Amino acid sequence: MLAPPSLKNVSHYPVTAGVAAAALMATGMWWSGQSIDWFVMNQRVWANFELWRALTCTLPHANFFHLAFNLYWLWTFGTPVERVYGHFRCAAIFLLLASGSSLAEFALSSGGVGLSGVGYGLWGMLWVLEKHDARFAGAVDYRTSQMFVFWFVLCIVLTVANVMPVANTAHGVGAGMGALLGLAAGGSNAAKWKSIVALVAVLVLGLAGSTVFWSRVNLSPDAESEVEWAGYQALVQNHAADAVKLLEKATRMRRAPSRAWYNLGIAYGRLGRYDHALAAYEHAAQMPDADDKTQQAVKAVKEYLSLSSEPPSQPPGPSTNAGPIIPDPQTNQ
C-alpha cells in the first residue's frame, strides 16, 4: 500500500487538509463543553429540512481514538483522490460520501458523528479504482481491506451487544457508495451508468427516509419520543399548526402512547378544529395509559360541540363563543 504523503505537503491538499482542520475545530468545541447541537442530525432534519446537518455531523468526534482513526484514513485515502482528480472533484466526492452516509444512518437510526462514513467511502472507491485505473495502483492492499472489513463486523457486534454504539449504517452505505463511485469513474460504460443510477437512488432514499418518511422507517427506540417531544415543544411555544404536523406524525408511529393523541387534541383545539380534537381525545382515552385528564378533555369538547349544534333560536351556552377549555399539554420527558 502506498504511504500517505508527509504533512509537510499539506498545502498541496487543501480540501483534505481543510476537512481535517474543520473536524479538529468541531471536536475541540465539543470536548471543551461548547454546544454542538447545530452540528448534529436531529428532529430539525425532518421537521425543518435542515439537510446541511448531514455534512456538519461528520466533523465532531466522540473520543481521541475515533478522531485519530478517521483523520489518519482521511489523509491516507483522501490525498491520492485529490492528487488525481483535483480539488473541486475531490470536494464533490467528500460531500457526496458525507451526505449519503449520514442521511442513511439518520433514516434508520438516531444519527451519528464523525468521518467514518467518508473514510469507508474512500476505501471502497480506491478498492475498486486500484483495479481499473493505473493512477491508483497500490492505493489499497489486501491487509488494509481485511482490517476495514474486520472493523466493520466488530462495530456491528459491539453495537448489538450494547457495548458501544457505532454508526454501522454510515459505514456500510459509505463503503457501498465509494465502490459505486469507483465503478462510475473507472468501470465500463455500462457499469458507469448503472453506478450513477444506483448512487442517485441511494441519495434519494436517504433523503426521503430522513425527512418525509422518517417516522415510518426509523428503527431507533427513541424515534417516537423525539417526534413527540418536538410536537410538545411546538405546543409550549404556541405554534399550533407545527404541533399538529409533528403530533400527527407521532401518532402514526408504532408505539405512540396516549399522550401523543392527547397533545394532538390540544393542538387541534387551539386551531378551532374541535371535531378533530374530540376524535384525538377519544382515541387517547381508549388507550391503556390514559389518565383522568383525558376523560375530562373528552367531556369538555363534547359539551362544547353539543352547545354549538343547538338551533340558533336557543341562547348559546357560556362556552360556545370562547370554545372549550384547552388543557395543558403532557410532556414525555
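Only the coordinates and a few stated rules stand behind these numbers; no lab work does. What you see is a predicted model; the values in this text were computed from it and never measured. All Cβ positions, glycine included, derive from the backbone under ideal geometry; neighbour counts span all protein chains shown.
So here's what we get for this one:
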| read-out | value |
| --- | --- |
| Isotropically averaged projected area of the chain, using the convex hull of Cα atoms (one quarter of hull area), nm² | 21.5 nm² |
| Residue order, fewest to most surrounding Cβ atoms within 10 angstrom, among 50, 130 | 50, 130 |
| Cα-Cα pairs of segment 169-210 separated by more than 14 Å (percent) | 46 percent |
| Angle between the chain longest axis and helix 274-285 axis [Cα atoms, degrees, rounded to 10] | 80 degrees |
| Relative contact order %, the chain, counting alpha carbon pairs below 8 Å whose residues are six or more apart | 14 percent |
| Mean shadow area of segment 223-308, taken as a quarter of the surface of its Cα convex hull (nm²) | 5.0 nm² |
| Dipole of the chain, positive end: most advanced residue of 277, 120, 236 [Cβ charges, Cα centre] | 120 |
| Rounded tilt (10° steps) of 223-236 against the dominant C-alpha axis of the chain | 50 degrees |
| Which of 57, 155, 90 has the fewest Cβ neighbours within 10 Å, and the rest in rising order | 155, 90, 57 |
| Computed E for residue 137/residue 208 - FRET, C-beta separation, R0 41 angstrom, nearest 0.05 | 0.60 |
| Residue order, fewest to most beta carbons within 10 Å, for 264, 67, 7, 181 | 7, 67, 181, 264 |
| Calculated from backbone phi, Karplus (6.51, -1.76, 1.60) coupling profile of segment 256-262 in Hz, x at Gly/Pro | 5, x, 5, 5, 5, 5, 4 |
| Crossing angle, helix 168-186 versus the chain [Cα axis fit, 0-90 degrees, rounded to tens] | 50 degrees |
| Eligible lysines near residue 293 by straight Cα distance, threshold 18 Å, same-chain separation 8 or greater | 302 |
| Among 58, 288, 215 the positive-end extreme of the charge dipole of the chain (Cβ point charges) | 58 |
| Relative contact order (%) - criterion: Cα under 8 Å, at least six apart; region: segment 223-308 | 22 percent |
| Cut-off 12 Å between beta-carbons: net charge of the residues surrounding residue 145, Lys and Arg +1, Asp and Glu -1 | 0 |
| Electrostatic dipole magnitude of the chain [Cβ: Lys, Arg +1; Asp, Glu -1; Cα centre; debye, to 20] | 960 debye |
| Whole-number Å³ per residue for the convex hull built on Cα positions in segment 75-174 | 91 Å³ |
